[in-house]
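*Asks:* Quick one: the structure is below, and I'll ask about it shortly.
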Amino acid sequence: MLTYTLKRAGLAVIITAISLMLLISMIQLIPGDPAAVLLGPLASPEMREMFRQQMGLDQPAVIQIVRFFGRVLTGDLGTDVLTNRSVLVTVMEQLPFTLALVAASIGWSALLGIPLGCFAAIYRGSLADRIVGILSVSSIALPAFVVAVYGLLLFSVRLGWFPTIGAGDSGAPLDQLHHLVLPSLAVGLGWVGYLARMVRASMLEVLTENHIRMARAFGLPERTITYRYALKIAIIPTVVVLGMGVGNMISSAVFAEIVFARPGVGKLIFDAISTRNYPVVMGAVMITTGFYVLCTLAADLIAAGLDPRVRSTL
Amino acid sequence: MSGLSRRQILAAMAAAGFSPAFYSRAALSADGKTLKVRSYADIQNLDPAFRKGAPEDDIMRNIFVGLADMTPGDVWKWKLDAASRLEQTDPTHIEFTLMDGLVWTDGHGAVTADDVKFSFERMIDPKLDAVYKGDWEALDHVEVKDEKSGTIVLKAPFPPLWNVGLVFGSGRIVSRKAVEAVGGKFDTKPPAQCGRYLLKEWQPKQRVVLARNPDWKGEAPQFDEIHVIPIEDEKTAELALEAGDIDYTWIAPSSIPRFKQTPPKGGKIAVKPSLAYVWLGMNVEAPPFDKLEVRRAVQQAIDVPSVLDAAYFGAAEPATGIIAPGLIGHREKNIYGYNPDAARELLNKAGLASGFECTIDILNKTEQVSAAQAVQANLSEVGITATIQQHDSGTFWSLGDQKSGDAWKKIQIIINRFSMQPDPSFATDWFTPEQIGVWNWERWNSPEFGELNKQAKVEQDEKKRNDMYVRMQDLMEEGGAYVFLTHGVTGIGYSDTITPALLPHGGPIFHAFKSA
């Protein structure tokens with residue numbers, strides 16, 4: 001297990017580095033002069049030139065990449081060129097909001113999707129299974145932004161149950177939870193169906209295996225067979241997908257952060273790209289990429305823990 | 001009785017969490033203490049010399065005083081702010097006296113005439129290289145007479161000072177002692193404040209909290225706190241207004257007809273003429289637009305009202321130039337109107353009777369996309385096949401900049417929008433020969449225009465100044481490079497629990513907002 005962990009961690013570092021190099025290369029290809037965009041029409045040519053120097057844009061791409069990695073190693077992600085604040089501070093201010101949204105979305109979708117998948121597998125072919133199937137596919141097919149907008153119109157504007165904007169008052173956890181309901185509904189709904197379908201398929205496969213038949217032959221209760229023996233194995237691919245799902249949800253969070261005017265790292269990156277605020281783009285992507293890689297690493301390690309056969313696959 | 005089961009507790013918690021009564025859903029203005037307003041972007045810099053735009057201006061107006069400020073209402077006029085006296089004694093001298101009782105926060109003492117001197121002179125200090133130095137380009141120096149009074153000395157007469165420099169962000173007064181102590185400039189943390197409100201807290205991307213200044217000696221503002229919430233998306237802001245989460249927001253032009261017909265519950269709508277200007281430009285160096293006949297054909301091929309119907313749903317009026325109604329230099333009518341037959345004839349004369357293909361570059365904003373599609377349809381009627389090229393803001397705003405690459409060479413038709421201050425010079429400055437390759441993306445070169453622009457800035461006689469600006473817009477139209485589309489409109493939605501204080505173009509003066 002230790003060897004597997006070390007190999008997997010090494011791979012994670014390489015993936016992070018490659019992602020960032022791709023990002024920096026893309027930045028070089030994007031049209032638009034950051035100095036013109038950020039400083040506006042009234043800036044003097046001298047001011048623009050000084051600005052380019054501050055951002056390091058007067059240097060070749062290779063130098064920019066080396067400098068960035070050099071700074072990252074010392075824990076310095078650079079300075080936000082708009083506000084002159086530390087990029088690390090700026091990103092860390094926004095990250096908790098995105099993590100809360102991702103955790104809430106993935107949490108409720110897993111809590112609902114996994115039992116639904118088990119239920120559908122146990123009652124395979126029944127009316128209930130078909131209903132779960134239809135609802136699952138519908139929730140996958142429903143675009144998240146449609147859920148967001150109609151959720152706002154119904155639950156906020158019409159019924160007045162939930163707030164339309166913001167993340168709630170700091171230091172008021174109930175208020176923050178209240179602000180999380182609609183965004184997490186929008187981000188997580190598709191995952192309920194996806195997880196339900198996935199768990200159902202895995203469970204159906206596992207439920208036909210010999211050790212399950214053996215358990216039934218021994219007269220173990222169906223509940224014990226399902227949740228203790230079958231689900232433990234069937235959940236492995238789901239755990240891996242959930243790890244990747246975290247990264248997917250960080251991307252999905254962008255639209256939720258815009259529609260619900262929530263703070264968050266997705267919106268931070270979106271705004272920074274629009275304004276060509278490259279230090280913030282690079283710093284924020286560095287942190288989210290690192291986080292995503294950590295999540296997939298954790299998912300792989302959990303899967304390896306649950307099923308020793310996985311350890312030999314790297 | 002074994003007490004509550006886990007299931008009962010969970011059900012009760014869920015019921016409590018979902019209960020509308022558990023959380024107050026009305027914007028806090030309902031209690032008369034807090035005003036919640038929307039800003040279209042978060043703040044980036046609160047130093048008057050380096051502010052980025054309206055979001056900062058709107059906040060600076062509350063936390064820094066100026067000698068004068070614009071008056072809410074339908075007509076552009078100024079009033080005294082921190083000055084008890086402000087008088088132009090001759091074309092180049094403006095005397096001022098500060099009112100009593102103005103005090104800086106953080107122990108920086110009283111607001112003095114020396115602070116005024118520092119605040120205005122730093123705008124033209126080449127070492128500071130202030131972004132807004134143009135607002136004070138005619139300033140020579142400020143003479144301090146005593147602690148409270150002094151004289152602003154100009155190098156030449158400069159009428160724009162009264163419409164822009166003194167009354168907007170560039171006219172805000174900062175503390176010499178406090179600003180010098182932090183190195184001569186600041187970002188989002190003002191080292192000292194003096195206004196009707198104070199910046200209490202900035203939560204990036206969440207809100208700016210302004211709290212009433214306990215040391216303010218003038219008329220107290222109505223609300224204890226103002227929460228300025230950045231909401232980029234207009235539709236989200238409209239929903240927030242409808243849900244009662246905010247008290248004030250700008251609304252999208254496309255939403256104005258809907259809200260006029262069915263105002264949001266507990267809300268009201270106001271529509272103000274915008275000062276901004278939207279135009280279609282043609283690059284006079286890019287074939288075939290290097291021929292005047294072709295440019296004139298385009299001018300006459302475009303049915304501006306139909307373009308505005310598509311883009312603004314009938315809420316905006318056609319423009320007659322780049323200077324909005326109500327300002328010096330506003331032009332009453334255009335020279336060339338919609339005449340597709342004349343356009344076809346001109347194309348024939350230019351040897352392009354069978355038409356040609358061209359591009360329209362636009363910013364990827366809803367109004368501009370709709371306008372471009374309508375223009376595209378108009379052009380197709382005279383045989384011109386236009387392809388629309390949408391750009392994100394980062395790309396679009398450097399298209400015509402010669403120093404940003406070669407994109408400027410490829411511009412043929414462009415639809416653009418510039419914001420504006422209530423002085424005509426703010427509109428015309430960008431179309432001079434010196435601005436070719438900077439902001440004059442049409443590369444239209446009129447030395448007469450450039451000369452008039454310089455003269456109009458120092459002209460004291462309003463009638464003469466007006467005529468100069470009218471002539472300049474005539475030159476623009478005669479040159480064929482421009483089709484003036486609209487100034488747009490500013491739609492404002494607000495809670496019926498408040499009475500907003502709005503400038504003629506809809507800009508808010510938050511400290512003057514009242515409970516209804």
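*Asks:* Find, among the chymotrypsin sites (Phe, Trp or Tyr not before Pro) in the stretch A:211-299, those assigned to loop by DSSP (not H, G, I, E, B) with at most 10 other beta-carbon atoms within 10 angstrom.
*Replies:* A:Phe218
*Asks:* Please give the net charge around B:Pro318, taking every other residue with its beta carbon less than 14 angstrom from that of B:Pro318, where Lys and Arg add +1 and Asp and Glu add -1.
*Replies:* -3
*Asks:* Once the principal axes of the Cα atoms of the stretch A:148-304 are found, what is the range along each, listed largest first in whole angstroms?
*Replies:* 64, 41, 28
*Asks:* Only Lys, Arg, Asp and Glu count, each charged at its Cβ (+1, +1, -1, -1), so figure out the dipole size of the stretch B:277-487 about its Cα centre, rounded to 20 debye.
*Replies:* Dipole about the Cα centre, nearest 20: 160 debye.
*Asks:* Next question. Which listed residue (B:Trp408, B:Phe426, B:Gly337) has the Cα farthest towards the positive end of the charge dipole for the protein assembly as shown, taking +1 on Lys and Arg C-beta and -1 on Asp and Glu C-beta about the Cα centre?
*Replies:* So the residue furthest toward the plus end is B:Trp408.
*Asks:* Enumerate the amide H contacts of A:Thr79 below 5 Å, restricted to partners 5 or more residues apart or on another chain; note that Pro and chain-start residues carry no placed amide H.
*Replies:* Sorted by chain and number, the residues that satisfy this are A:Val87.
*Asks:* Mind ranking A:Val181, B:Val382 by accessible surface for me, highest first, 1.4 Å probe?
*Replies:* Of A:Val181, B:Val382, the descending order of accessible area is A:Val181, B:Val382.
*Asks:* Here's a follow-up. How big is the charge dipole of the protein assembly as shown about its Cα centre, in debye rounded to the nearest 20, if each Lys and Arg gets +1 on its Cβ and each Asp and Glu gets -1 on its Cβ?
*Replies:* Dipole of the protein assembly as shown, to the nearest 20 debye: 3620 debye.
*Asks:* Same structure again: Once each part is reduced to its C-alpha centroid, what is the distance from the stretch A:229-264 to the stretch A:75-151 in angstrom?
*Replies:* Value for the Cα centre distance between the two parts: 5 Å.
*Asks:* Please give the solvent-accessible surface of B:Lys79 in Å², to the nearest 10, using a probe radius of 1.4 Å with every protein chain present.
*Replies:* 70 Å²
*Asks:* If you don't mind, there's one more thing I want to ask. How many angstrom lie between the Cα centre of the stretch B:238-298 and the Cα centre of the stretch B:351-430?
*Replies:* 16 Å
*Asks:* Give the calculated FRET efficiency between B:Ile335 and B:Lys403 to the nearest 0.05, with a Förster radius of 41 Å applied to their Cβ-Cβ distance.
*Replies:* 0.75
*Asks:* Only bridges with both residues in the stretch B:277-487 count here: give the DSSP antiparallel percent, nearest 5.
*Replies:* 50 percent
*Asks:* Moving to a separate point now. If amide hydrogens are placed 1.01 Å from N in the peptide plane, which non-local residues have theirs closer than 5 Å to the one on B:Ser515?
*Replies:* Here B:Thr499 satisfy the definition.
*Asks:* Using the Karplus curve 6.51 cos²θ - 1.76 cosθ + 1.60 with θ = phi - 60°, work out ³J(HN,Hα) for each residue of the stretch B:126-137 in order, rounded to whole Hz, and write x for Gly and Pro.
*Replies:* x, 5, 6, 6, 4, 4, 9, 4, x, 5, 10, 4
*Asks:* Kindly give the semi-axes, whole Å and largest first, of the ellipsoid equivalent to chain B, taking each as the square root of 5 times a Cα gyration tensor eigenvalue.
*Replies:* In descending order, the three semi-axes are 42, 34, 19 Å.
*Asks:* Now for a separate question. For the stretch B:277-487, list log₁₀ I(q)/I(0) at each q in 0.14 Å⁻¹, using the Debye formula over Cα point scatterers of equal strength and ignoring solvent, two decimals each.
*Replies:* So the normalised log intensities are -0.81.
*Asks:* Determine the shielding of peptide A:153-164 by partner chains: average, over its residues, the number of Cβ atoms on other chains within 10 angstrom of each Cβ.
*Replies:* The shielding value for this peptide is 6.
*Asks:* Using helices alone, what [θ] at 222 nm do you get for the protein assembly as shown, with -39,500 (n - 2.57) per DSSP H run of 4 or more residues, divided over all residues and rounded to the nearest 500?
*Replies:* Rounded to the nearest 500, it is -14000 deg cm²/dmol.
*Asks:* Probe radius 1.4 Å, ligands and nucleic acids left out: which of B:Lys52, B:Lys268 has the largest accessible area, and how do the rest follow?
*Replies:* Putting B:Lys52, B:Lys268 in descending order of accessible area: B:Lys268, B:Lys52.
*Asks:* If you don't mind, there's one more thing I want to ask. Can you work out the Karplus-derived ³J(HN,Hα) for every residue in the stretch B:228-238? Use 6.51 cos²θ - 1.76 cosθ + 1.60 with θ = phi - 60°, whole Hz, and x for glycine or proline.
*Replies:* For the stretch B:228-238, the Karplus-derived couplings read 9, 10, x, 10, 5, 7, 5, 5, 4, 4, 5 Hz, x marking Gly and Pro.
*Asks:* Place +1 on the Cβ of every Lys and Arg and -1 on the Cβ of every Asp and Glu in the stretch B:277-487, take the dipole about the Cα centre, and give the residue among B:Ala371, B:Val458, B:Gln473 whose Cα lies farthest towards its positive end.
*Replies:* B:Val458
*Asks:* Around B:Trp397, which amide H atoms from residues at least 5 apart in sequence, or from another chain, sit under 5 Å from its own amide H, with H modelled in the peptide plane?
*Replies:* Answer set, sorted by chain and number: none.
*Asks:* Then there is this: Please list the helices of chain A that count as membrane-span-like by this rule: a mean Kyte-Doolittle hydropathy of at least -0.5 together with Cα atoms stretching 20 Å or more along the helix axis, each helix being a complete DSSP H run.
*Replies:* Helix filter hits for chain A: A:2-29, A:87-122, A:127-141, A:173-207, A:231-259, A:278-306.
*Asks:* Separate question: May I have the pair-distance distribution P(r) for the stretch B:39-135, computed from all Cα-Cα distances with 10 Å bins from 0 and rounded to whole percent?
*Replies:* Values per bin, smallest distances first: 13, 39, 40, 7, 0.
*Asks:* If you place +1 on the Cβ of every Lys and Arg, -1 on the Cβ of every Asp and Glu, and leave all else neutral, what size is the dipole of chain A about its Cα centre, to the nearest 20 Debye?
*Replies:* 1080 debye
*Asks:* Treating each Cα of chain A as an identical point scatterer and ignoring solvent, apply the Debye formula and state log10 I(q)/I(0) at q = 0.07 Å⁻¹.
*Replies:* -0.37
*Asks:* Could you pull the accessible area for B:Tyr40 with a 1.4 Å probe, rounded to 10 Å²?
*Replies:* About 100 Å², rounded to the nearest 10.
*Asks:* Cα atoms only, the protein assembly as shown: Rg and Dmax in Å?
*Replies:* Rg, Dmax (Cα atoms, Å): 30.6, 107.
*Asks:* Next up: How much accessible surface does B:Trp76 have with a 1.4 Å probe, in Å² rounded to 10?
*Replies:* Only protein atoms counted, so the area is about 50 Å².
*Asks:* Rank these residues by their accessible area, most exposed first, probe 1.4 Å: A:Arg228, B:Arg207.
*Replies:* Largest accessible area first, the residues go A:Arg228, B:Arg207.
*Asks:* As I understand it, the dipole of the protein assembly as shown uses +1 on the Cβ of Lys and Arg and -1 on the Cβ of Asp and Glu, about the Cα centre. Which of A:Thr288, B:Pro72, B:Pro318 lies farthest toward its positive end?
*Replies:* Of A:Thr288, B:Pro72, B:Pro318, it is A:Thr288.
*Asks:* Starting from the stretch A:182-240, pick out the GluC sites (Glu not before Pro) whose DSSP state is loop and whose Cβ has at most 15 other Cβ atoms within 10 Å.
*Replies:* Those that pass, being in a loop and sparsely packed, are A:Glu209.
*Asks:* Okay, next question. Set the bar at 26 Å for Cα to Cα. Now go through B:Lys52/B:Lys403; B:Lys52/B:Lys185; B:Lys217/B:Lys265; B:Lys133/B:Lys291 and name every pair that lies beyond it.
*Replies:* The answer is B:Lys217/B:Lys265; B:Lys133/B:Lys291.
*Asks:* Still on this structure, please answer the following. If you take every DSSP beta bridge whose two residues both sit in the protein assembly as shown, what share of them, in percent to the nearest 5, is antiparallel?
*Replies:* Approximately 75 percent, going by the DSSP bridge assignments.
*Asks:* Using R₀ = 41 Å, calculate the FRET efficiency as 1/(1 + (r/R₀)^6) where r is the Cβ-Cβ separation of A:Ile15 and A:Met50; round to 0.05.
*Replies:* 0.70
*Asks:* Keeping all protein chains in place, calculate the accessible area per residue for the protein assembly as shown (probe 1.4 angstrom), answer in Å².
*Replies:* 42 Å²
*Asks:* Quick one: net charge of B:Leu475's neighbours, Cβ under 11 Å, K/R +1, D/E -1?
*Replies:* -4
*Asks:* Another question, then. What is the spread of the Cα atoms of the stretch B:135-243 along each of their three principal axes, largest first, in whole Å?
*Replies:* 52, 32, 30
*Asks:* Can you tell me the alpha carbon radius of gyration of the stretch A:140-224 divided by the globular rule-of-thumb value 2.2 N^0.38 Å?
*Replies:* Against the empirical 2.2 N^0.38 Å value, I get 1.71 for the stretch A:140-224.
*Asks:* Whole-Hz Karplus ³J(HN,Hα) for the stretch B:73-83, in order, using 6.51 cos²θ - 1.76 cosθ + 1.60 and θ = phi - 60°, x for Gly and Pro?
*Replies:* Here the 3J(HN,Hα) series is x, 9, 10, 6, 8, 9, 9, 5, 10, 8, 8 Hz.
*Asks:* Counting only Cα atoms, I'd like the Rg/Rh figure for the stretch B:422-516, Kirkwood definition for Rh.
*Replies:* 1.14
The values are calculated or read from the model by the stated rules, or taken from the named source; none is laboratory data. Keep in mind it's a predicted model, so treat the numbers as computed, not measured. A quick note on method: Cβ atoms are made from the backbone with ideal geometry, for glycine too, and the neighbour counts reach across all protein chains shown. Calculation scope for accessible area: heavy atoms of the full protein, side chains included, ligands and nucleic acids excluded. Shrake-Rupley method; radii C 1.70, N 1.55, O 1.52, S 1.80 Å.
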